[in-house]
1. Select from segment 148-170 the residues that are within 15 Å of residue 69 (Cα to Cα) and of a type in the set (Val, Ile, Thr) and list them in ascending order.
2. Farther than 16 Å from residue 115 by Cβ and surrounded by fewer than 24 Cβ atoms within 10 Å (Cβ to Cβ): is that true of residue 80 in this structure?
3. For segment 117-139, how many residues are surrounded by 19 or more Cβ atoms within 10 Å (Cβ to Cβ) and either modelled with pLDDT under 95 or not hydrophobic (A, V, I, L, M, F, W, C) (or both)?
4. Every residue in segment 352-381 that is farther than 21 Å from residue 336 by Cα and open to solvent by less than 10 Å² (accessible area, probe 1.4 Å), please.
5. Which of the following residues is without any contact (Cβ under 8 Å) to a residue 40 or more places away in the chain, closer than 24 Å to residue 197 by Cα and under 19 Å from the mean Cα position of the chain (by Cα): 298, 333, 323?
6. In segment 37-51, what count of residues is obtained for those that are without any contact (Cβ under 8 Å) to a residue 24 or more places away in the chain and open to solvent by 10 Å² or more (accessible area, probe 1.4 Å)?
7. May I ask you to list the residues in segment 439-498 that are more than 21 Å from the chain's Cα centre (by Cα), surrounded by 13 or more Cβ atoms within 10 Å (Cβ to Cβ) and on the phi > 0 side of the Ramachandran plot?
Amino acid sequence: MVTDTKTIEVPTTPFMDQRPGTSGLRKSVDVFKQKNYLENFVQSIFDVRKINQGQTLVLGGDGRFFNRQAAQIILKMAAANGFAKIKVGQGGLLSTPATSCVIRKYKTDGGIILSASHNPGGPHGDFGVKYNIASGGPAPEVVTEAIFAYSKQIKSYKILDVPDIDIDKLGTSKLGDMVVEVIDTVADYQQLLQSIFDFDLVSKLVTRKNFKMCMDSLNAVTGPYAKSIFEQKLGAAPGSVINGTPLEDFGGLHPDPNLIHAHELVEIMYGKNPPDFGGASDGDGDRNMIMGPSLFVVPSDSLAVLTANAHLIPGYKNGLLGVARSMPASRAVDLVAKQLKIDCYQTPTGWKFFGNLLDANRITLCGEESFGTGSNHIREKDGLWAILFWLNIMAASGKTVNEIMNNHWQQYGRHYYLRNDFENVETEKANELIKNLVNSLPSFIGKQYGDYTINEAIEYVYEDPVDGSISKNQGIIIGFQNQSRIVCRLSGTGTQGATVRLYIEKYEPDSKKHNLESAEALKDLFTIAYELTRVTQYTGMDKPSVIT
């Protein structure tokens, strides 16, 4: 307990690069360790949100390098700025979904998440700070823009001049006048999931003698959660969770659950005698990858399957209010929503855009193209929730992952889909690509490439149906008469240069043509996409950095 405290006001000068992206402020560890860099951004959050007496904040992170040091700085700043209480995850750990859960369960005034999500970690890796509001979701653009504006004129920050406090022991202590409560990282979140899914039924599945599962936590934050839920509570065999110890550098792994970076899981699932089910999550626990034996479930397909089978889940047995997907995600869920006669919304990339729809009770489920799905149980995407959802569907239906997917395609048709990422592109060149592509859009209409005729070429603009706000520059859509589609956009989650992303989608209603490899089914569209965008010319890259 630290009660002998002194609040100091430290003069500082602004940094001009603290605009939050789609998921907070992400920079390299070296940037965040600059004198006053973290402090400036945190003080900007505190001053913009105007702290009132009695407010409570939640604090946690994914355990990456600089997590513990940053947590101590933020605790001291929160105390100096007048917070009454902070709930901090034990050891500074708290997954992004768990943070949202705690904010909502205890009705706190928001939270700070220390994470760069799926970005690589280590002493020279990436770090991030994200502010979530009282709903449990990411701060909307109006708030993040206000924080950025304030950060460009900040003159000082407040902090207690005290030693670090113990955040490894559960319980409460005082930091000046502020109460610090170190909480169990798993308990509240696991309790929420048990209220949604049939744990008894799932347990019968995962404890079957001939059933095997493999959950890859990539040495990131979900390790303790996965071990507690899958191995201890549900009874899956010891060792079902791999890479389950959170490490500051993720053990050299890149904590991004895709076919490239979750290579150990992929090798297991495509190897001899693979498990019946494979799952993976990312650095902060909000993304997921689903696999069956020799089968990768595309995230867009996963959202469609969850929507079509939600009636099998206790928490959703009364029906869905609606669904939403990010614009680049395939339109697989649109067909399910049409059959269920529920609304389906298309939003820009970035989880914060789902927040208004969730809060207005317009949707129950939502998902994006980049391995994120979630529901109205919290206000973040949720990796372990998605994995449990799949296991519950398997347990209730008696079907395997492969059978579920094949049955779904037979009923709704298959949306072949791939994403190409061109990473670390010179920012000026990436912006030039987008600018020239936008200028060329009118000339694309009517162009014909074999069986593909362009009938849509637009720059996507989103008008929020709840508050009417307008979000521009959200990507480019090139549509074809046969329902195929090319999407091009710049990503907002990297920390070096720019990432150009191409999304290719082809709808195939004929079940006799559902057994192709995605790359084979989409090769003609990729040729067209590369020609229209001139992506290799602008990026100087002959092939993408990552294909998912």
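1. Passing the criteria: 159, 162, 165, 167.
2. Considered against the rule, which asks whether it is farther than 16 Å from residue 115 by Cβ and surrounded by fewer than 24 Cβ atoms within 10 Å (Cβ to Cβ), residue 80 comes out as no.
3. Counting residues in segment 117-139 that are surrounded by 19 or more Cβ atoms within 10 Å (Cβ to Cβ) and either modelled with pLDDT under 95 or not hydrophobic (A, V, I, L, M, F, W, C) (or both) gives 15.
4. Residues satisfying the conditions are 378, 380.
5. Going through 298, 333, 323 in turn, the sole match is 333.
6. Total satisfying the criteria: 1.
7. Once the filter is applied, which keeps residues that are more than 21 Å from the chain's Cα centre (by Cα), surrounded by 13 or more Cβ atoms within 10 Å (Cβ to Cβ) and on the phi > 0 side of the Ramachandran plot, segment 439-498 yields only 483.
Let's see how each residue does on (1) over 30 Å from residue 128 (Cβ atoms); (2) part of a helix (DSSP H, G or I):
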| position | (1), (2) |
| --- | --- |
| 437 | no, yes |
| 442 | yes, yes |
| 446 | yes, no |
| 456 | yes, no |
| 467 | no, no |
| 473 | no, no |
| 479 | yes, no |
| 483 | yes, no |
| 489 | no, no |
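The values are calculated or read from the model by the stated rules, or taken from the named source; none is laboratory data. What you see is a predicted model, and the numbers here were worked out from it, not measured in a lab. We place every Cβ from the backbone using ideal geometry, glycine too, and count neighbours over all the protein chains shown. Heavy atoms of the whole protein, side chains included, go into the accessibility calculation; ligands, DNA and RNA do not. Shrake-Rupley method; radii C 1.70, N 1.55, O 1.52, S 1.80 Å.
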